[in-house]
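Engineer: Shown below is the structure under consideration.
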Amino acid sequence: VLRALLLAPPGAGKGTQGERIAEIYGVPHIATGELLRNQVELRTPAGEMAKDFMQRGELVPDDLIIGLVLDQVADDEPLPGFVLDGFPRTMTQARAAYEWASANDRTFHAVIRLEVPTDELVERLLERGRIANRVDDTAETILRRLSVYSDSTAPLVEFYRARAILVEIDGTGSAQDVTSRIRSRLDELDLD
Ligand code: AMP
């Protein structure tokens with residue numbers, strides 16, 4: 001059973017690939033952006049707290065997101081497998097994830113890094129803003145999210161490289177091609 005997470009800037013295809021990989025390996029796809037957007041829509045306390053951060057393209061506070069994700073991966077008992085999409089995004093989150101995983105015998109098999117050139121990311125996000133009506137896909141917020149990614153999330157690449165679970169994938173081309181690239185790399189792993 002697969003336990004993987006997607007580590008990539010906004011617009012790199014985390015959502016699309018996360019869904020596909022989860023389906024192929026038969027595990028739940030846990031997308032933190034989706035979780036948060038649901039909370040905002042339902043006007044829960046978590047949603048009310050998250051809303052302004054999301055609208056500005058900032059990260060929501062670590063405690064808030066760590067609580068939400070742990071609820072998902074350990075509802076009654078720890079899920080055997082999952083694809084995490086959009087978490088962790090900070091070193092604090094990465095450490096919390098690692099603590100949970102090692103305490104519950106659920107360490108990750110793979111951290112999938114999707115690499116896409118920045119100008120293509122911006123283009124893809126602007127396009128999504130035109131069709132999908134996401135409040136954070138505006139020119140200004142897109143730039144903010146990309147810079148939040150380089151400041152807060154990019155350092156996780158080295159953290160996972162050092163743990164030898166980083167899987168680096170060319171994220172350009174068709175969604176189908178990217179999925180095949182990911183699959184061929186995951187199929188080389190020992191998914192116990
Ligand atoms: P996404 O759909 O993954 O692009 O996430 C949309 C927004 O949700 C982000 O810009 C953040 O404001 C918030 N968000 C999602 N995941 C996290 C996370 N792990 N930590 C902090 N904020 C998050």
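Engineer: For the list (1) touching a helix residue (DSSP H, G or I) at 6+ places or on another chain (Cβ under 7 Å); (2) under 29 Å from A74 (Cβ atoms); (3) surrounded by 13 or more Cβ atoms within 10 Å (Cβ to Cβ), I need the number of the one condition that V135 fails.
Structural biologist: Unmet condition: (2).
Engineer: Kindly list the number of the only condition in (1) on the phi < 0 side of the Ramachandran plot; (2) touching a residue at least 12 places away in the same chain (Cβ under 8 Å); (3) part of a loop (DSSP other than H, G, I, E, B) that fails for L121.
Structural biologist: Answer for L121: the failing condition is (3).
Engineer: Which of the residues spanning segment 84-116 are open to solvent by less than 30 Å² (accessible area, probe 1.4 Å), farther than 11 Å from Y160 by Cβ and either among the β-branched types (V, I, T) or part of a loop (DSSP other than H, G, I, E, B) (or both)?
Structural biologist: Across segment 84-116, the qualifying residues are G86, F87, T90, H109, V116.
Engineer: Return the residues of segment 38-77 that are over 18 Å from T90 (Cα atoms) and in a loop (DSSP other than H, G, I, E, B); say none if nothing qualifies.
Structural biologist: The answer is R43, T44, D75, D76, E77.
Engineer: Which residue is nearest to L146 (Cα to Cα), if the candidates are limited to segment 68-100 and must be free of Cβ contacts under 8 Å to residues at least 12 places away in the same chain and of a type outside the set (D, E)?
Structural biologist: Residue satisfying both the conditions and the ranking: R95.
Engineer: Regarding segment 27-37, can at least one residue be identified that is assigned to a loop (DSSP other than H, G, I, E, B), surrounded by fewer than 21 Cβ atoms within 10 Å (Cβ to Cβ), more than 8 Å from the ligand (Cβ to nearest atom) and touching a residue at least 40 places away in the same chain (Cβ under 8 Å)?
Structural biologist: The answer is yes; a qualifying residue exists.
The values are calculated or read from the model by the stated rules, or taken from the named source; none is laboratory data. Given the structure is predicted, the values throughout are model-derived calculations rather than measurements. Quick reminder, even Gly has a Cβ in these numbers, built from the backbone with ideal geometry, and neighbours come from all protein chains shown. Only protein heavy atoms, including side chains, enter the accessible area calculation; ligands, DNA and RNA are left aside. Shrake-Rupley method; radii C 1.70, N 1.55, O 1.52, S 1.80 Å.
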